[in-house]
């Protein structure tokens, strides 16, 4: 979601984020996903139909991934909403709920999905980046309750009251930029088994953001073996590095 009505800041990098994720997921040497659908500035109806279709009629062995880049909005009490290009506020600055997608709807779609490997990645502000929608004592979002469950993992760019952001003159939002880099360069394959697991990708991004944007605190919400889900294959940037490591281990042995 990059285009918004008056009162919401545009997020031009969001479209680049989606295209970058599409590239790594479609690539046979990396994601190898059979089907990747990109929604660019959808309406509420388009959003709902596409996400419902994503989780519908899946087999237990399928790997299903939902990625979102755009504004996330929270209301007092911690209710979380996904924005659309028609998301509005009223005259008092309060969210018009009918113009946004509540996280509980996504939870319902996840709950109905038969896949044992469901991944949700959110590159958005959990506080919504709108101070007037957040209670002074801070809100809190129970993502484990709203988006959790068996065989699932949720990765988020920031914590409940943190902000995710774009950097000036950068093509991608900083969180997605490191996600893509970890996959493309194979750097997120910490155990060097040729795969980038959800857990490895999260740890890689956390390490990078601790230096590049220490104010951001990416979160991971797991349910039953979610951390073991293999997300993509790892392209080895320097094949000789792995060979040298093998030789060193052999010598020590």
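For the reader, a short list of remarks on this structure follows.
- Count of segment 5-16 residues which are assigned to a loop (DSSP other than H, G, I, E, B) and either in contact (Cβ under 8 Å) with a residue 60 or more places away in the chain or under 13 Å from residue 179 (Cβ atoms) (or both): 6
- Evaluation of residue 74 against (1) under 27 Å from residue 183 (Cα atoms); (2) in contact with a helix residue (DSSP H, G or I) (Cβ under 7 Å, 6 or more places away or on another chain) (one fails), failing number: (1)
- Residue 104 closer than 18 Å to residue 154 by Cβ, modelled with pLDDT under 90, in contact with a strand residue (DSSP E or B) (Cβ under 9 Å, 6 or more places away or on another chain) and surrounded by 15 or more Cβ atoms within 10 Å (Cβ to Cβ): no
- Positions within segment 87-99 being farther than 16 Å from residue 9 by Cβ and part of a loop (DSSP other than H, G, I, E, B), in sequence order: 90, 91, 92, 94, 96
- Within segment 192-245, strands (runs of 3 or more DSSP E) holding 1 or more residues that are modelled with pLDDT of 90 or more: 195-197, 230-233
- Test result for residue 47, at pLDDT below 95, buried (at least 18 other Cβ atoms within 10 Å of the Cβ), closer than 16 Å to residue 105 by Cα and touching a helix residue (DSSP H, G or I) at 6+ places or on another chain (Cβ under 8 Å): no
- Residues that are touching a residue at least 24 places away in the same chain (Cβ under 8 Å), out of contact with any strand residue (DSSP E or B) (no Cβ under 9 Å at 6 or more places or on another chain) and assigned to a loop (DSSP other than H, G, I, E, B), drawn from segment 169-186: 170, 171, 185
- Residue, nearest to residue 5 (Cα to Cα), within segment 17-69, restricted to residues that are within 17 Å of the chain's Cα centre (by Cα), in contact (Cβ under 8 Å) with a residue 24 or more places away in the chain and part of a loop (DSSP other than H, G, I, E, B): 41
Per-residue answers, yes or no, for (1) buried (at least 18 other Cβ atoms within 10 Å of the Cβ); (2) closer than 22 Å to residue 109 by Cα; (3) touching a strand residue (DSSP E or B) at 6+ places or on another chain (Cβ under 9 Å); (4) modelled with pLDDT under 95:
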residue	(1), (2), (3), (4)
12	no, no, yes, yes
27	no, no, yes, no
58	no, yes, yes, yes
65	yes, yes, yes, no
77	no, no, no, yes
80	yes, yes, yes, yes
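- Residue 144 passes every criterion in (1) modelled with pLDDT under 90; (2) part of a loop (DSSP other than H, G, I, E, B); (3) surrounded by fewer than 17 Cβ atoms within 10 Å (Cβ to Cβ) apart from (2).
- All positions within segment 194-206 that are surrounded by fewer than 19 Cβ atoms within 10 Å (Cβ to Cβ) and either touching a helix residue (DSSP H, G or I) at 6+ places or on another chain (Cβ under 9 Å) or under 18 Å from residue 153 (Cβ atoms) (or both): 195, 203, 206
The values are calculated or read from the model by the stated rules, or taken from the named source; none is laboratory data. A quick note: this is a predicted structure, and the numbers were derived from the prediction, not measured. Heads up, the Cβs are rebuilt from the backbone with ideal geometry, glycines too, and the neighbour counts pull from every protein chain shown.
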